[in-house]
Amino acid sequence: MTQYQENIEKILSSISKTWNPPPDLTVSEWADKHRVLSAESASEAGQWRTSRAPYQKEIMDTINDHRIHTIVFMKSAQVGATEILNNIVGYFIDQDPSPTLVLQPTLAMAQAWSKDRLANMIRDCDRLRFKVKDPRSRDSGNTVLSKKFPGGNINIVGSNSPSGLASRPIRILLCDEVDRSELSAGSEGDPINLAMKRTTTFWNRKVFITSTPTIKGISRIETAFEESDKRHYHVPCPHCNEYQVLDWENIHWEKGKPETAEYVCKHCETAIDETKKQWMLSKGKWIAENDTKKIAGFHISELYSPWRTWKEMAIDFYSVKSQPEMLKTWVNTALGRSFDDPGESIE
């Protein structure tokens, strides 16, 4: 082979690598391969591992299911919801560039998410760093609330900012903490519905809605979950191997001693040691209650969280159980359920 032919081969090889399509990855596979958790915003910084909280896998990978256009995630605190949203954002920047909108409850929260979460993820992930220019660089075209990258863009808005919901085509819509969003974007109406209307021109649109619920009857996320296929995460008992949804009613402790709390299997009634939780999570599976082909709904509580123990949950509950306002917050944030106050009627 002549020197000329060798040079041509090198050029063709370089062109081939440049134009090769990205690997056909799911969101969870992309995260396991490329996502790095930033030290400033993660308790466990470093390489992302979906296996740390296995229930997250199906929630993320439903984004790749062409049959599903909307994913609803009703959840407690401490289950990794923000990082799931971040992984979805990173995936679309890198693998499937699209016009994207991230909707936060307020403009201040939109700015905080962009500065504290998105910017750090872009900085620490090699696959993203060279696609999204630093807003401080000259002619980057990027600001705190607007990012451009090859083939797509992302805009971050607050539900209290009507101008941020101005008409623009959106293929990917990610709504965070919708129960804390404004009821109306100025005089324009419900901000969630306004944002969803921006996706209607895309046959392959994806809408991801997540939140901790608030009050029964007015909770946006609960209403959306009820319209979904309503999936719950079933895990096996390490003693009898029977699958079950982890319910608060099965947490037992000695009278006046919440620090003795343990989970009791609803089938064999055997106490399960906390050290078995990770094994149970790894064997778990999502099971849907309804048969709907367009909206996938997921619900999970702190009982499944790798970052919270059953004893900690019991101690927290014991300290607020006789204080209605604090109990309401606990039900919302620990169980991921709306609070139903029988003594109060809501129009």
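What the table below lists for this structure:
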{"read-out": "Candidate aspartates and glutamates for bridging to Lys131, where Cα separation is under 18 Å - those fewer than 8 sequence places away on the same chain excluded", "value": "Asp94, Asp96, Asp139"}
{"read-out": "Fraction of accessible area attributable to carbon and sulfur, the range 263-347 (%, probe 1.4 Å)", "value": "50 percent"}
{"read-out": "Local net charge near Asp190, Cβ-Cβ under 12 Å (Lys/Arg +1, Asp/Glu -1)", "value": "0"}
{"read-out": "Nearest-20 debye value, the chain charge dipole, Cβ charges on Lys, Arg, Asp, Glu", "value": "1260 debye"}
{"read-out": "Within the range 96-234, percent of DSSP bridges classed antiparallel, to nearest 5", "value": "25 percent"}
{"read-out": "Estimated 222 nm signal from helices in the chain, with DSSP H stretches of n ≥ 4 weighted -39500 (n - 2.57), rounded to 500", "value": "-8500 deg cm²/dmol"}
{"read-out": "When each of Lys257/Lys285; Lys75/Lys277; Lys33/Lys230 is checked by Cα-Cα distance, pairs over 22 Å", "value": "Lys257/Lys285; Lys33/Lys230"}
{"read-out": "Rounded if a/c under 1.5, otherwise prolate or oblate - the range 46-136, Cα gyration tensor axes", "value": "rounded"}
{"read-out": "Beta bridge orientation in the chain: antiparallel %, DSSP, nearest 5", "value": "40 percent"}
{"read-out": "Cα-based shape type of the range 202-341, given that a ≥ b ≥ c are square roots of the gyration tensor eigenvalues and the cut on a/c is 1.5", "value": "oblate"}
{"read-out": "Charge context of Trp113, other residues only, Cβ under 11 angstrom, K/R +1, D/E -1", "value": "-1"}
{"read-out": "Residue range of the chain that is longest and free of trypsin sites (Lys or Arg not before Pro) which are both DSSP loop and sparsely packed (at most 16 other C-beta within 10 Å)", "value": "139-215"}
{"read-out": "Carbon and sulfur %, accessible surface of the range 151-223 computed with the full protein complex present, 1.4 Å", "value": "52 percent"}
{"read-out": "Mean accessible surface per residue for the range 163-314, computed with a 1.4 Å probe while every protein chain stays in place, in Å²", "value": "48 Å²"}
{"read-out": "Area of Trp113 that stays accessible when all protein chains are in place (1.4 Å probe, Å², to 10)", "value": "10 Å²"}
{"read-out": "Of all DSSP beta bridges in the range 166-301, antiparallel share, percent nearest 5", "value": "65 percent"}
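The values are calculated or read from the model by the stated rules, or taken from the named source; none is laboratory data. These numbers come from a predicted model, not from an experiment. Glycine gets a Cβ as well: all are built from the backbone with ideal geometry, and neighbour counts include every protein chain shown. Accessible surface areas use protein heavy atoms only, side chains included; no ligands, DNA or RNA. Shrake-Rupley method; radii C 1.70, N 1.55, O 1.52, S 1.80 Å.
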